[in-house]
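Asks: First, the structure itself, so that you have it in front of you.
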Amino acid sequence: MTMSTVTVPAPSAAQKAAGAPDPRRLRLRRRLAQWGFVAPAVVFMLLFFGYPLVRNIVMSFQHYTPKTFFTGEAPFNGVDNWSNVFQDALFGKALWHTLVFTAGSLVGQFCIGLALAVFFNRRFPLNGVLRSLILLPWLVPMVVSGVVWRRILDQDTGVLNSFLDTLGLGGHTPWLTSPGMALLSVILVNIWIGIPFNMVILYGGLQEIPKELHEAAALDGASAWRTFRSITLPTLKPVITVVLVLGFMSTVKILDLILALTDGGPADATQTLGTLTYQNSFVQLDFGAGAVVGNVLILVSAVFAVFYLRANRTEGK
Amino acid sequence: MSKRFNAIRLRFTSWTVGRQGRDPAAPRRRRSRRAVAPLATVSVLVAGTALTGCGQQRDGDVYTVLNSSTDDSYHRWDAQAMARCSKQLGVTIEQQSVPAAQVMTKALRMASSKSLPDIVQFDASEMPTFAEAGGLVDLRTLGLGTDDIPQGIVNFGSYKGTYYGAARSVNTLALFYNKDILAQAGLKVPATWDELRETARKLTHGKRYGLALSAGGAEDGVFQFTPFMWSNGGDERQLDGPRVVEALDFWKSLLKDGSLSKSTVSWTQADVNDQFMAGNAAMMINGPWQVETLNTKKSLHWGIARIPVPKTGDKSVGPLGGAVLTVPNTGDRAREKTAGRIVACLAGQKEQLTYALNSWMVPADEKAAAVWRERVPELDALADQVAAARSRTAEVGAGWSSVSLALQSAFQSALTGESSKAALTRAQQRATSGN
């Protein structure tokens, strides 16, 4: 994307500045310069995005085992890896969990993030301090939050259940230990982690909205809700797209949080595509199967990236 | 998109840094265009050298050991042992420690870039995978003897009859109990399943559970299930067999009595130890590597016993755990020979004893183990348990990881509601399909 933003001065201006030498050499040099700008980005993308991507796709059609690391031989086995993975009941489960997890996290993060952003968009004392405090979950490494939340959510000794108990609200909720609850708990923790990101970006978007629009609405006697619906939301739409797509990309591939919280358990209740890839590749050392799940994950992300680019293009016009 | 993105990024900067961000690109526009083409070339070159730099050359007299001693005290003990062996053999030995779960993948990556270390310390359950890939050298051909090592432990370090791994020390699981709580209740240390169930039920009181164990979704939980499965005659090749189902039903009964916390399914062995130390459990299933932590709490008086068996007279069979030192196949015979001598030194009787006394594990060597028993009589029960213990990979070899994953899922399903039979039937299918 950065490649297209290279700007070149108009030829006439350049000619004047250089005292008008041979125009052909000048054009050649300009070409070179253009490629010079583009080359680092292209090389970088090919090396670090193109190569691994192609490698991953090829690997998903290979019988790739620990032996391969020694012999370098990975015989092609057609669609064996794919059919094995798709026949595995765990894959369907993981796919479903991933969808629920992503949708739940995004809805939660976005709604709370937007509410907070609107709230902080007003002027009031301690606004800055509070805003910085809300950023904290973002600053804590994912694994650290995972480990801390695991303690908080412990059924018998966790702080949350003790707190609920003192309020007389039961206090024996099996947050992470019941297959029915675990996915919900993991989603709640992820919402907590994602709120700052959503709030920061949406707050930025809100600051961009011209004040006159709101003033005009107020003069016309629009209610607060009406103003929000007819002015804030539509003008915020491009930013909302960015937030949701970026949020989607980082949520759909979730791994570290789940490994720290539940390790995919109990009874595979929190297995997602991310954890399944990890398990196939690095626990079972069946790299072909791991690559298949990884490819599915890339495909899902790619579909959304296309949506995003399209939405963005129509917006830009 | 870049424009909007910049707007957002600027906002973001002002959010975190404050409003001093000027456009940094503005005053720089007059950079010479001539610098650009060389810049691109340089970036390509840098990328190229960075990639070729992966295959590193081995240093003459420096021998590296890849291990998982990331823990402070283990790293120190290993460093001391290596320093002693360095002196004895006239070479330099260095250790490179990565987290236990990464030893295998790290070693595989090193194999593909032809930069394997001279010695790798694998967890014994992982060794067969590396051996099957053809990555290990037969230690007997490097002059290591197995005469003083009990057959069980030779098997522990062997794969398909070839001796690839020398164990320095081994460990297993045992029943740890809080002496004060048992004495107060006037109860004996349980020896059979019925006694264990009864004792655990009686000791469960208020916030305290009778027993703590780990049924977490990782190797920890499987490790803890094996003594129940094996003592009952179960077989990991037949997960849906009646003996395995009975063992899982026994776990379920403990949970149903309320003697086990419902959090059992999310606990690692370290969590179990925390619960026991905090007085939230009167007994626990755990291993000797926890002893160092246990001893930091002076007011805790704990004892250790064999894991209870189904009926009086049954043999208590636990899982054999621990790491083995292996020599990877680097193709450099001379270096491999020296590596063999280093392994012989590190796994020699003297070093074994020192290591075992430090880490509270049991020496693999018979003579060293005899001395160890005299030095730490309180862990005598553990030495007995080790003598009868069994290796996880003896029967299924490199297939253990599939069995382990299937089993984890099965006991977690069963402990959270499903019937043991149904869960284990599914596990058996999953383990044999290799997925």
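Just so you know, all these numbers are worked out from the coordinates, no wet-lab data involved. In this text the structure is predicted, and so the values were computed from the model without any measurement. Quick reminder, even Gly has a Cβ in these numbers, built from the backbone with ideal geometry, and neighbours come from all protein chains shown.
Asks: With the convex hull built on the Cα atoms of chain B, state its orientation-averaged projected area in nm².
Replies: Average projection, Cα convex hull of chain B: 29.9 nm².
Asks: Relative contact order of segment A:112-253: what whole-number percent is it, with Cα pairs under 8 angstrom and at least 6 residues apart?
Replies: About 26 percent, as a whole number.
Asks: Let me confirm one metric for peptide A:67-77, namely the mean number of other chain beta-carbon atoms within 10 Å of its residues' beta-carbons.
Replies: 4
Asks: Got a sec to turn the phi values of segment B:248-265 into Karplus ³J(HN,Hα) couplings, 6.51 cos²θ - 1.76 cosθ + 1.60 with θ = phi - 60°, whole Hz, x for Gly and Pro?
Replies: Rounded to whole hertz, the list is 5, 4, 5, 4, 4, 5, 4, 5, 5, 5, x, 6, 10, 6, 5, 6, 3, 5.
Asks: Turning to a different aspect of this structure: For the pair A:Leu169 and B:Lys207, what calculated FRET efficiency results from E = 1/(1 + (r/R0)^6), where r is the Cβ-Cβ distance and R0 = 22 Å, to the nearest 0.05?
Replies: Working: r = 18 Å, r/R0 = 0.84.
Efficiency computed from Cβ-Cβ geometry: 0.75.
Asks: Please report B:Tyr74, B:Tyr159, B:Tyr164 as a ranked list, fewest other C-beta atoms within 10 angstrom at the top and most at the bottom.
Replies: Least crowded to most crowded, the residues run B:Tyr74, B:Tyr159, B:Tyr164.
Asks: In addition: Is there a pair in B:Lys188/B:Lys311; B:Lys160/B:Lys367; A:Lys67/B:Lys106; B:Lys207/B:Lys311; A:Lys67/B:Lys114; B:Lys202/B:Lys311 whose C-alpha atoms are over 18 Å apart, and which pairs would that be?
Replies: Those over the limit are B:Lys160/B:Lys367; B:Lys207/B:Lys311; B:Lys202/B:Lys311.
Asks: Let me ask something else. Once you have a ≥ b ≥ c as the square roots of the Cα gyration tensor eigenvalues for the protein assembly as shown, tell me rounded if a/c is under 1.5, and otherwise prolate or oblate according to whether a/b is larger than b/c.
Replies: Since a/c reaches 1.5 but b/c is at least a/b, the shape of the protein assembly as shown is classed as oblate.
Asks: Helix-only mean residue ellipticity at 222 nm, the protein assembly as shown, DSSP H runs n ≥ 4 weighted -39,500 (n - 2.57), per residue, nearest 500. What is it?
Replies: The helix contribution divided over the protein assembly as shown gives -17500 deg cm²/dmol.
Asks: Any idea what the relative contact order of chain B is, in percent, if you count C-alpha pairs under 8 Å spaced at least 6 apart?
Replies: 22 percent
Asks: Around B:Asn286, which amide H atoms from residues at least 5 apart in sequence, or from another chain, sit under 5 Å from its own amide H, with H modelled in the peptide plane?
Replies: Correct list: B:Ala174, B:Phe176.
Asks: What are the residues whose amide H is under 5 Å from the amide H of B:His301, where those residues sit 5 or more places off or on another chain and H is modelled from the backbone?
Replies: Residues meeting the amide H criterion: B:Lys179, B:Asp180.
Asks: What distance in nm lies between label points placed 7 Å from Cα along the C-beta direction at B:Gln349 and B:Thr192?
Replies: 4.2 nm
Asks: Quick one: which residues, 5 or more positions from B:Tyr209 or on another chain, have an amide H under 5 Å from its amide H? H modelled 1.01 Å from N in the peptide plane, none for Pro or chain starts.
Replies: B:Ala281, B:Ala282
Asks: Another question about this same structure. Work out from phi, with θ = phi - 60° and the Karplus expression 6.51 cos²θ - 1.76 cosθ + 1.60, the ³J(HN,Hα) of each residue of segment B:120-128, listed in order in whole Hz, and give x for Gly and Pro.
Replies: Working through the residues one at a time gives 10, 9, 9, 5, 4, 6, 9, 3, x Hz.
Asks: A further question on this structure: How far is it, in nm, from the label point at A:Leu135 to the one at B:Asn295 when both lie 7 Å from their Cα along the line to the Cβ?
Replies: About 4.7 nm separates the two model spin labels.
Asks: Right, here's the next one. Of B:Thr416, B:Trp289, A:Val292, which is farthest along the charge dipole of the protein assembly as shown in the positive direction, counting Lys and Arg as +1 and Asp and Glu as -1 at C-beta?
Replies: Positive-most Cα among the choices belongs to A:Val292.
Asks: Quick check for me: using +1 on Lys/Arg Cβ and -1 on Asp/Glu Cβ, what's the dipole size of the protein assembly as shown about its Cα centre, in debye to the nearest 20? Spell out each step's value before the answer.
Replies: Values: 75 positive and 57 negative charges, 904 e Å.
The dipole magnitude comes to about 4340 debye.
Asks: Okay, moving on. Does segment A:89-316 come out rounded, prolate or oblate by the C-alpha gyration tensor, with a ≥ b ≥ c the root eigenvalues, rounded set by a/c under 1.5 and, if not, prolate when a/b is larger than b/c and oblate if not?
Replies: Oblate, since a/c reaches 1.5 and b/c is not below a/b.
Asks: Through the Karplus equation 6.51 cos²θ - 1.76 cosθ + 1.60, θ set to phi - 60°, convert the phi angles of segment B:398-407 into ³J(HN,Hα) values in whole Hz; use x for Gly and Pro.
Replies: 5, x, 4, 4, 5, 4, 4, 5, 5, 5
Asks: Assign one of three labels to segment B:332-435, namely rounded, prolate or oblate, based on the Cα gyration tensor with a ≥ b ≥ c the square roots of its eigenvalues; rounded applies when a/c is under 1.5, prolate when it is not and a/b is larger than b/c, and oblate otherwise.
Replies: Oblate.
Asks: So how far, in whole Å, is the C-alpha centre of segment B:318-342 from the one of segment B:343-398?
Replies: Spelled out, the Cα-based centre of one part sits 18 Å from the other.
Asks: At a Förster distance of 45 Å, what's the computed FRET efficiency of A:Lys237 paired with B:Val98, Cβ-Cβ distance as r, to 0.05?
Replies: 0.45
Asks: Follow-up. May I ask you to compute the full-extension gain from B:Asp257 to B:Asp148, defined as 0.36 nm times their residue separation minus their alpha-carbon distance, rounded to one decimal in nm? The partial results should precede the final answer.
Replies: Numbers: separation 109, 0.36 × 109 = 39.24 nm, distance 4.60 nm.
Separation in residues times 0.36 nm, less the Cα-Cα distance, equals 34.6 nm.
Asks: Could you compute the FRET efficiency for A:Ile57 and A:Glu212, with r as their C-beta to C-beta distance and R0 at 60 Å, rounded to 0.05?
Replies: Plugging the Cβ-Cβ distance into 1/(1 + (r/R0)^6) gives 0.70.
Asks: Measuring from label point to label point, each 7 Å out along Cα→Cβ, what is the A:Phe228 to A:Asp22 span in nm?
Replies: Distance between label points: 6.9 nm.
Asks: Continuing with the same structure: Considering the options B:Tyr164, A:Phe49, B:Trp372, tell which one lies farthest towards the positive end of the dipole of the protein assembly as shown, charges being +1 on Lys and Arg and -1 on Asp and Glu at the Cβ, about the Cα centre.
Replies: So the residue furthest toward the plus end is A:Phe49.
Asks: Can I ask one more? Which whole number gives the average, over all residues in A:37-47, of C-beta atoms from other chains lying within 10 Å of the residue C-beta?
Replies: Rounded to a whole number, the mean comes out at 4.
Asks: Could you list A:Tyr203, B:Tyr209 in order of exposure, starting from the residue whose Cβ has the fewest other Cβ atoms within 10 Å?
Replies: Listed from fewest to most nearby Cβ atoms, that is A:Tyr203, B:Tyr209.
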